[in-house]
1. Could you name the lysines in cross-link range of Lys70, using Cα to Cα under 17 Å and dropping any fewer than eight places away on the same chain?
2. Per residue of the chain, what 222 nm ellipticity follows from adding -39500 (n - 2.57) for every DSSP H run with n ≥ 4, rounded to the nearest 500?
3. Please work out the Cα center distance from region 1-34 to region 273-351, rounded to the nearest Å.
4. Rounded to the nearest Å, what's the spacing between the alpha carbon centres of region 223-272 and region 61-129? Just the number, please.
5. Lysines within cross-link reach of Lys255: Cα-Cα under 18 Å, excluding same-chain residues under 8 positions apart?
6. Please list 3J(HN,Hα) in residue order for region 38-47, calculated via the Karplus relation 6.51 cos²θ - 1.76 cosθ + 1.60 where θ = phi - 60°; whole Hz, with x for glycine and proline.
7. Taking a label point 7 Å from the Cα of Lys310 along the Cα→Cβ vector, which residues of region 1-42 have an amide N closer than 20 Å to it?
8. Of the accessible area of region 292-335, with the probe set at 1.4 angstrom, what percent is carbon plus sulfur?
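The values are calculated or read from the model by the stated rules, or taken from the named source; none is laboratory data. Everything numeric in this text was worked out from a predicted model, so none of it was measured. Note that we place each Cβ from the backbone using ideal geometry, even for glycine, and neighbour counts take in every protein chain shown. For the accessible areas, the whole protein counts, side chains as well, though only heavy atoms, and no ligand, DNA or RNA atoms are used. Shrake-Rupley method; radii C 1.70, N 1.55, O 1.52, S 1.80 Å.
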Amino acid sequence: MQNTYVIIMAGGVGTRFWPFSRTNFPKQFHDVLGTGKSLLQQTADRFEGICPTENIYVVTSSEYKDLVKKQLPLLTDDQILLEPHRRNTAPCIAYASYKIGARNPEANIIVAPADHIILKEEAFRDTIRVALGATRLNDVLVTLGIQPTRPDTGYGYIQYIPDKMTVKKVKTFTEKPHLELAEQFLESGDFVWNAGIFVWNVQTLKKAVKKHMPELAELFGDGEVHYYTPSEGPYINKIYSHCGSVSIDNGIMEKADNVHVVLSSFGWSDLGTWKSLYEISEKDENENVVEGQVLLHDTRDCIIKTPKDKLLVVNGLEGFIVAEYDGVLLICRKDDEQKVKELVAEAKAVDVQYS
């Protein structure tokens, strides 16, 4: 356990979950499921028994430092890595991995987003232990793959080589295919969704970054003299403008030839959209998901999340999102939820506080 580390990525805004997720208070800091804990707190708790608390690192935007400290008070300042700019997942993962490697060259690292839902947590831990066993002994980059239940165009897809091995070799990565291609993937039977949860040894990751993203390797490699010192913040602030906005999938995983996948089943959802929350939530007899003080008439297949101090009366809706938070009300067809980003841009043009 002492060589096992966790990187939690907690810097996103979660625009597609607007207006609940806003720039000043993104979804990872909300108690989305009414459990008494935020998504970030649930993510950190999920690794109990996998690694000690002092080995958990959170990468977030500099504006969310106080939120992270409030929700995870056991973390020291050294465990909260602050990005001055949002640059997608490759720079954030490289920063945390190089910093961890500077302290422990034998580190075995798990990378997890802060806003995912895992319903079967013990099954999740068992899967992580399988992946850790592989990366501890082999020069491999491991991702977790989820059996697809529909041809979703919002997820990346992983094609693997079918065999009897638990940790399977990956053939191809495809990022967010169009619908026809997603349907073909589903029919073929050898594609899984990319869960965006990764496991690797720090030396393996550094070799991959050096080979496929050498400019990133140079920037964060040169930072080793600054990590865990007062000069770390200023150095990171200086170099982040030189980092391109690249995902770890595009930058490393699609190019590397040592990528493997563990087929996983632990009640996963990336909770990226209102529709994904609808799918995992308990529904009434009319297939509605409701949170708030709501009276429904002739309403089906809706997700409604409104403040408890307001009465909402709904009549004659089918297949809609109705969501109110902090002075903003969204009414949108569930099937049109991918347009939410456009709606946020329009709201921001009216007043920045609405974004």
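1. Lys27, Lys37
2. Values: 10 runs with 101 residues, N = 355.
One gets -8500 deg cm²/dmol as the mean residue ellipticity at 222 nm.
3. Spelled out, the Cα-based centre of one part sits 20 Å from the other.
4. Cα centres, region 223-272 to region 61-129: 10 Å.
5. Correct list for Lys255: Lys168, Lys169, Lys171, Lys176, Lys206, Lys207, Lys210, Lys211.
6. Each residue of region 38-47 in turn: 6, 4, 4, 5, 5, 5, 4, 4, 4, 9 Hz.
7. Inside the label zone: 16-27, 30-34.
8. Answer for region 292-335 is 47 percent, counting heavy atoms of protein chains only.
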